[in-house]
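The values are calculated or read from the model by the stated rules, or taken from the named source; none is laboratory data. Please read all numbers here as calculations on a predicted model, not as lab measurements. Positions of Cβ are backbone-derived with ideal geometry, glycine not excepted, and every protein chain shown enters the neighbour counts. We work out accessible area using only protein heavy atoms, side chains counted, and drop any ligands, DNA or RNA first. Shrake-Rupley method; radii C 1.70, N 1.55, O 1.52, S 1.80 Å.
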Amino acid sequence: MQRIKNRKILITGGAGFIGYHLASKLGQDETVEIILVDNLKRGRMDKELKLLLNKTNIKLLIADLTDINAYAQLGDNYDEVYHLAAFIGVGNVISHPCEVIDINTKSTLLLLEWFVKSKRRKLLFSSTSEVYAWTRGFYELPVPTPEDVPLSLVDLDNPRASYAGSKIFSELVIRQYCNAHNKPYVIVRYHNVYGPRMGMQHVIPELCSRILSGEKPLMVYSVDHTRAFCYISDAVTATIAAMRAKEANSLTINIGNDKEEVSMRILAEMILNKMSIKLDILPKKNSN
């Protein structure tokens with residue numbers, strides 16, 4: 001693993017869920033200078049972020065990375081560039097597919113134009129398991145799924161294709177730009193990362209919220225659907241390792257939990273048990 005004293009680090013989407021926790025971990029080393037970039041449309045200036053920004057080695061730049069003029073503010077000489085900024089969320093994808101495509105692809109293209117020039121050492125791009133989720137329409141995929149399975153989109157008229165498509169495109173251009181300019185990079189695909197400050201538009205906090213609101217019986221969508229959840233601290237550790245291991249250069253790496261796949265029914269039962277609450281579970285078919 002590379003050892004660099006006085007690292008300078010850029011994290012796009014730094015006010016978001018993974019970005020915040022990544023900055024918190026990296027910022028424990030007070031010799032590291034960290035610049036967070038966020039437009040605060042999804043990331044939020046809450047008490048946790050304000051407390052993080054009290055550290056003298058962490059600063060926030062409010063900027064829109066789809067604006068070419070924003071890049072003049074970023075500076076240079078970064079040892080590590082973590083590109084986490086994206087427009088995500090099932091509700092956003094379904095309601096605003098054009099914005100998803102515009103923001104995710106434009107910000108990546110402009111960041112690449114900036115990254116390949118001058119002194120910036122290595123780029124990490126945050127992708128998603130969604131890039132090959134639709135491949136199941138053509139192939140029976142093993143679980144855990146290898147990173148080298150074919151990438152495909154089944155129905156381009158489906159708004160949900162906007163998110164997976166924007167990430168597939170971003171993976172493509174990162175490989176082409178970085179290879180052409182001989183710049184080191186790594187792509188990580190996150191699988192169901194959860195933890196504090198993730199927002200309410202995810203299955204675990206959403207179930208918790210409905211349980212606490214007194215919903216009886218508890219409706220659980222797609223009870224037989226299975227997922228493997230990865231806690232945020234584990235995802236952050238893996239992310240830093242992917243950035244700093246020279247052996248990871250030019251690779252695509254899954255970041256997730258390959259040991260504990262659970263059904264949505266079992267997940268709901270586990271949450272109820274942790275809360276010491278007894279509720280009947282009503283299976284519900286997901287309309288999405």
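Some points to look at:
- Hits in region 200-243 - residues which are surrounded by 14 or more Cβ atoms within 10 Å (Cβ to Cβ) and at positive phi: 222
- Within region 119-157, the residues that satisfy the criterion of being buried (at least 17 other Cβ atoms within 10 Å of the Cβ) and of a type in the set (D, E, K, R) are 120, 121, 122, 130.
- Figure legend. Inter-residue proximity from region 70-86: first residues farther than 12 Å from residue 8 by Cβ, second residues assigned to a strand (DSSP E or B) and of a type in the set (Phe, Trp, Tyr), beta-carbon distance below 8 Å, spacing 6+ or different chains. Indicated pairs: 83/125.
- For residue 164, the conditions (1) within 17 Å of the chain's Cα centre (by Cα); (2) open to solvent by 30 Å² or more (accessible area, probe 1.4 Å); (3) among the aliphatic types (A, V, I, L, M) all hold with the exception of (2).
- The strands (runs of 3 or more DSSP E) falling completely within region 194-288 that include 2 or more residues that are of a type in the set (Val, Ile, Thr) and under 15 Å from the mean Cα position of the chain (by Cα) map to 252-255.
- For region 15-61, filtered to residues that are assigned to a strand (DSSP E or B) and of a type outside the set (Val, Ile, Thr), the residue that is farthest from residue 73 (Cα to Cα) is 33.
- Qualifying residues in region 8-24 (those that are touching a helix residue (DSSP H, G or I) at 6+ places or on another chain (Cβ under 7 Å) and among the small types (Gly, Ala, Ser)) - the one surrounded by the fewest Cβ atoms within 10 Å (Cβ to Cβ): 24
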